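Report on the following structure.
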Amino acid sequence: MAFASNTGGPMADINVTPLVDVMLVLLIIFMVTVPPTSYPIQVDLPQPSTVPPPPTASPDPIRIHIDAGGTVSWNGSPTPMSSLQAQFDVEGARGDNGNGAVDAAKQATIEIETDKDAEYEVLAKVLSRAKNANLVKISFVAPGASQ
């Protein structure tokens, strides 16, 4: 049996093995991705309403001021640190839904303002008492901005 060898001229054969490999990979990719897109997915979108939601009256913010001497004021009246937790508990109870969740819309915003020379320890105590009362709307106010 004699085999013909192409020894002198250019080779005219095309190597189709890489082409077949690429085509098989593309076929597998299309087979995997096409079926999930052919099934419809039910999506319940909210319907537009012409009736605006009823306005809710948000409670007035509570202004806490901490001065350089460590005195804490609740809306302008000095408050001892011992009774601050009880006042925070009353405000935190307004947002309690009864199931452990907190409705922040029913709670007043706590606006904390500190003097430049106030001690951080007093601020940390106020923040921890607010957190223990489940107050979620706490903001810091620049000195002089709450008047």
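Take GLY98 and decide whether it is of a type outside the set (D, E, K, R), exposed (fewer than 10 other Cβ atoms within 10 Å of the Cβ) and under 25 Å from the mean Cα position of the chain (by Cα).
Criteria met by GLY98.
Being touching a strand residue (DSSP E or B) at 6+ places or on another chain (Cβ under 7 Å) and acidic (Asp, Glu), is that true of even one residue in the stretch 121-129? Checked the stretch 121-129: no residue is touching a strand residue (DSSP E or B) at 6+ places or on another chain (Cβ under 7 Å) and acidic (Asp, Glu). Filter the stretch 95-110 down to the residues that are out of contact with any Asp or Glu (no Cβ under 7 Å at 6 or more places or on another chain), more than 23 Å from HIS65 (Cβ to Cβ) and not small (Gly, Ala, Ser) and list them by number. Listed by number, the residues that qualify are ASP96, ASN99, ASP103, LYS106. For the stretch 111-121, the criterion of being within 24 Å of the chain's Cα centre (by Cα), more than 15 Å from THR71 (Cβ to Cβ), modelled with pLDDT of 90 or more and not in a loop (DSSP other than H, G, I, E, B) is met by at least one residue. Taking the stretch 122-140 as the range and being part of a loop (DSSP other than H, G, I, E, B) and either among the hydrophobic types (A, V, I, L, M, F, W, C) or in contact (Cβ under 8 Å) with a residue 60 or more places away in the chain (or both) as the test, the residues that pass are ALA133, LEU135, VAL136. Going residue by residue through the stretch 39-54, is there one that turns out to be surrounded by 14 or more Cβ atoms within 10 Å (Cβ to Cβ), of a type outside the set (Lys, Arg) and modelled with pLDDT of 85 or more? No: the stretch 39-54 contains no residue that is surrounded by 14 or more Cβ atoms within 10 Å (Cβ to Cβ), of a type outside the set (Lys, Arg) and modelled with pLDDT of 85 or more. Return yes when ASP117 is surrounded by 14 or more Cβ atoms within 10 Å (Cβ to Cβ) and out of contact with any His (no Cβ under 8 Å at 6 or more places or on another chain) and no when it is not. The answer is no for ASP117.
The values are calculated or read from the model by the stated rules, or taken from the named source; none is laboratory data. Keep in mind that this is a model prediction, so the values were computed, not measured. So basically every Cβ, Gly included, is an ideal-geometry build from the backbone, and we count neighbours across all protein chains shown.
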